[in-house]
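Each remark here refers to the structure printed beneath this line.
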Amino acid sequence: MINRNFLKVLSLFFIFFVFLPLSSQARVLPKFFFDKALQESKDGDFIQAEKDWSFYLNENPDDPAALSNRGNIRLALGDPEGAIEDQTRAIEISPGDLDPYLNRGIAEEALNLWEEASNDYQLVLKKNPKDVSALYNLGNVMGSIDNWIEAKRLFSEAASSDNPVAMARSSEALAIYQLGDLELAEEKLRILIRKYPLFADARAALSALLWCKGFTGEAESNWAAASGLDIRYREKNWLLNIRRWPPNPTNDLIAFLAFEDR
């Protein structure tokens with residue numbers, strides 16, 4: 001059984017990404033080589049990690065943990081097709097392990113394969129209904145196909161889990177914003193900012209919402225904090241396609257920035 005003990009957010013941004021520990025099937029090369037590749041993966045040294053995973057897999061081709069880890073690295077290096085191939089092979093070898101399904105779903109999202117990604121996340125949730133990563137990622141898929149009611153429900157479940165993450169709470173507020181309940185969205189964003197004052201996503205979202213409500217001064221104050229933390233929030237394409245904000249908050253923030261830049 002492959003145990004999950006590490007969650008990492010990739011450059012795809014805010015999509016949960018899982019590295020797996022040493023499999024019991026590792027048998028030929030010393031544990032050192034597996035651990036070396038795993039550490040490189042965690043450190044973000046993806047080019048060297050891909051080489052070392054491939055080197056290890058040459059002698060241990062049926063190790064599902066190594067296959068899944070290499071698949072994650074291939075995705076990070078811009079090869080979602082190769083990532084899907086590795087994750088699928090890991091699933092074939094060890095179909096009871098859930099992490100390769102989650103990781104394959106992430107790669108499928110990178111190719112806009114929404115139905116395939118949804119199927120993989122739903123399989124994970126069938127086995128573990130409280131899996132925060134699957135709830136959050138499936139919420140992103142629902143948003144990508146413009147089903148914000150379902151996206152909101154999934155983000156809410158992820159945010160109310162035993163191990164909630166700030167991004168799930170922010171995404172929940174943004175989905176509520178998209179659905180038109182500005183008061184509730186504002187309340188949730190302010191609660192989040194009080195707990196995480198340096199959380200750029202919530203501050204940028206609150207800037208857009210306050211601009212929409214006509215509170216320009218406070219919007220500018222929150223934006224000063226957000227922009228100092230992460231400049232990517234100025235980019236509409238990044239907001240929509242990488243961070244996966246809903247269209248209404250995105251358009252409001254872009255309109256606010258255009259006003260501020262005059």
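Read the figures in this text as sums done on the coordinates, not as results from a lab. Since the model is a prediction, treat every value here as computed from it, not as a measurement. Virtual Cβ from ideal backbone geometry, glycine too; neighbours counted across all protein chains shown.
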Report summary line: Taking first residues from the range 151-170 that are in contact (Cβ under 8 Å) with a residue 12 or more places away in the chain and second residues anywhere that are assigned to a helix (DSSP H, G or I) and of a type in the set (Val, Ile, Thr), the pairs with Cβ under 8 Å that are 6 or more apart or on different chains are LYS152/ILE176; ALA158/VAL132; SER161/VAL132; ASN163/VAL132; PRO164/VAL132; VAL165/VAL132; ALA168/VAL132
Query raised in the report: Can you name the helices (runs of 4 or more DSSP H) wholly within the range 164-224 that have at least 3 residues being farther than 17 Å from ASN140 by Cα?
Result: 182-195, 200-213
Query raised in the report: Do we find that ILE145 is among the hydrophobic types (A, V, I, L, M, F, W, C), exposed (fewer than 15 other Cβ atoms within 10 Å of the Cβ) and within 21 Å of LEU240 (Cβ to Cβ) in this structure?
Result: yes
Report task. Would you list the helices (runs of 4 or more DSSP H) that sit entirely within the range 46-149 and hold 2 or more residues that are in contact with a helix residue (DSSP H, G or I) (Cβ under 9 Å, 6 or more places away or on another chain) and among the aromatic types (Phe, Trp, Tyr)? Result -> 46-59, 114-127
Query raised in the report: Within the bounds of the range 65-83, is there any residue that is β-branched (Val, Ile, Thr), farther than 20 Å from ARG244 by Cβ and surrounded by 17 or more Cβ atoms within 10 Å (Cβ to Cβ)?
Result: yes
**Report entry** Tally of residues being of a type in the set (S, T, N, Q) and in contact (Cβ under 8 Å) with a residue 12 or more places away in the chain across the range 228-250
**Finding:** 2
Query raised in the report: Is one or more of the residues making up the range 190-210 closer than 24 Å to ASP261 by Cα, surrounded by 18 or more Cβ atoms within 10 Å (Cβ to Cβ) and within 15 Å of the chain's Cα centre (by Cα)?
Result: yes
Requested in this report: Could you tell me whether the range 110-126 includes any residue that is surrounded by 17 or more Cβ atoms within 10 Å (Cβ to Cβ), touching a residue at least 40 places away in the same chain (Cβ under 8 Å) and at negative phi?
Outcome: yes
